[in-house]
Each structure stands twice: as structure tokens, then as C-alpha cells.
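Computed from the coordinates by the stated procedures, all read-outs in this text should not be read as laboratory data. This is a predicted model, so every value here is computed, not measured. Please note: Cβ atoms are built from the backbone with ideal geometry, for glycine as well, and neighbour counts cover all protein chains shown.
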Amino acid sequence: MKNGKWIDISQPVHDNMAHWPEDIPFSYELSFTKKQTESVNIGRMTTSLHTGTHVDAPFHFLDNGEKMIDLDINHFIGPCLVADVTSLKTITREALENLHIYGAERLLLKTLTVSSPNIFPKSVPCLTVDAVDFLKESDIKLLGVDVPSVDPLDSKELLIHHQLYKHQINILENVKLDHIKPGKYELAALPLPLEEGDGSPVRAAIRVPD
């Protein structure tokens, strides 16, 4: 991989992409065609803010939490570490200690050997609360995962979401990392400035630092 070349780690966005079973699926249609307007095609989309590659705002799980426009965009740009944890079903403090993540600032966890963006998983690997505490101790400001949630898919308490929020660590979900080798990169994963948003779609990319 050449230095400076940005590599897309976003899930492709289309009508058949996976979504939370009871949530709104993504759909795209042309509202007006070039033939109708005599100048341009104009499309529109309908989607949950938590379909595909996206950022969670604290308002997603806290009624008084910050919304997308309140988040510091600097947390979504900068150095990051891609770490391979594909052998783990539970990501513990000890597992993170072995990754030597201090100084990474942003951590992307590769939990899948093969990404299947069109299939919603039955279960996902998750961090322990103690592991999240270690992220704070390591000065991590953003955690990214290649699955739909940092918590178990059937969780109502969302303990990991809340613990990440407690430590002011932003959440990036559904990145695509099966084609990425572990190592140090730069990340760009800017969410939209949605004034009322509990989440936002993201076009995420990484590159090898110069």
C-alpha cells in the first residue's frame, strides 16, 4: 500500500444492504429524471442513521446526550491503529494491553476475516467494560468496529456505549476492514453536521502516514 493513497473502509450503500431488523432500510429512488427536468437527475434516499458505516451520537442512547453537530470533528480525523482481534469473541483489557495501543488516538478493531455488508449478523464480538476503561487509560478518543454495534445485538442496557461515553470516546460502527492489514494509519471519518441527529452516515477512509 503506497503512502498517501486513501483506502475506502466504508460499506457500499444500496437498497440490499443489511440493516437492523426492525429499523428503516436504506432506499434510493429518482424523484425527478433528467428527461422530466430537461437538465438533471435528482435522487432522494430514505434510511436509518444507523445503517451502514456510521457514527453514534450520545443522543442515540441518552435523552440529554450530545447530538451530531455537537461532536468535535477533530476526533474523526487523524492517526489511528488497525488491530486484528479476529480470534476473539470477547475483547478484554488483557487483549488490548497486548496490542500496544497507547498513542494511537483512534483504534479500529478488525473482528471479521470476511465482511458481509448485505447480511445482518446474529452476534458480534464485544469489549468488556474493563477493556473500555483501558482505552481511556491509553488516551483513545475514537473506537471503530467492523460490526453494527459495540454492544451485544440484543442488549438493552448498552453498557459499552455508556462506558465509552463516560470516557468521551466516540463510536464508529460498520467499517469494512477485511481488506486492511493491521498497522498504523491516518483516518478520515467525518459525520454530517446534523443538528438533531442521533447518528450519521460516514464515508470512512484510511491511508498509510507519510
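What the phi angles of region 148-156 give under the Karplus curve with 6.51, -1.76 and 1.60, with θ = phi - 60°, is a coupling list of x, 8, 7, 10, x, 5, 9, 6, 9 Hz, glycine and proline written as x. Altogether, the Stokes-Einstein calculation at 20 °C and 1.002 mPa s, with the Kirkwood radius of region 108-210 over Cα pairs as Rh, returns a diffusion coefficient of 145 µm²/s. Within the shell defined by Cβ-Cβ distances under 12 Å, the residues around residue 130 carry a net charge of -2, with Lys and Arg each +1 and Asp and Glu each -1. Evaluated at q = 0.12, 0.13, 0.18 Å⁻¹, a Debye calculation over the C-alpha positions of region 55-170 (equal weights, vacuum) places log10 I(q)/I(0) at -0.41, -0.48, -0.96. Taking the charge dipole of the chain about its Cα centre, with +1 at Lys and Arg Cβ atoms and -1 at Asp and Glu Cβ atoms, the residue from 104, 132, 167 reaching farthest to the positive side is 104. Taking the Cα centre of the chain as reference, the dipole from Cβ charges on Lys and Arg (+1) and Asp and Glu (-1) amounts to some 840 debye. Among 99-107, 47-55, 28-36, the peptide with the highest mean count of other Cβ atoms within 10 Å heads the list, and the full ranking is 47-55, 99-107, 28-36. Placing unit charges on each Cβ (+1 for Lys and Arg, -1 for Asp and Glu) gives the chain a dipole about its Cα centre, and among 205, 190, 39 the Cα reaching farthest toward its positive end belongs to 39.
A Förster radius of 30 Å combined with the Cβ-Cβ distance from residue 114 to residue 184 puts the calculated FRET efficiency at roughly 0.80. Taking every DSSP beta bridge that has both ends in region 55-176, the antiparallel portion is near 15%. Each helix, a run of at least 4 DSSP H residues, gives -39500 (n - 2.57); summed and divided by the residues of the chain, these come to -3000 deg cm²/dmol at 222 nm. When the alpha carbon gyration tensor of region 1-42 is reduced to an equivalent ellipsoid, its three semi-axes come out at 30, 23, 5 angstrom, largest first.
Bridges between two residues of the chain, per DSSP, are antiparallel at a rate of about 65%.
Here the mean projected area of the convex hull built on the C-alpha positions of region 20-92 is 9.5 nm². Spatially, region 165-190 and region 77-124 are offset by 8 Å when compared through their Cα centroids.
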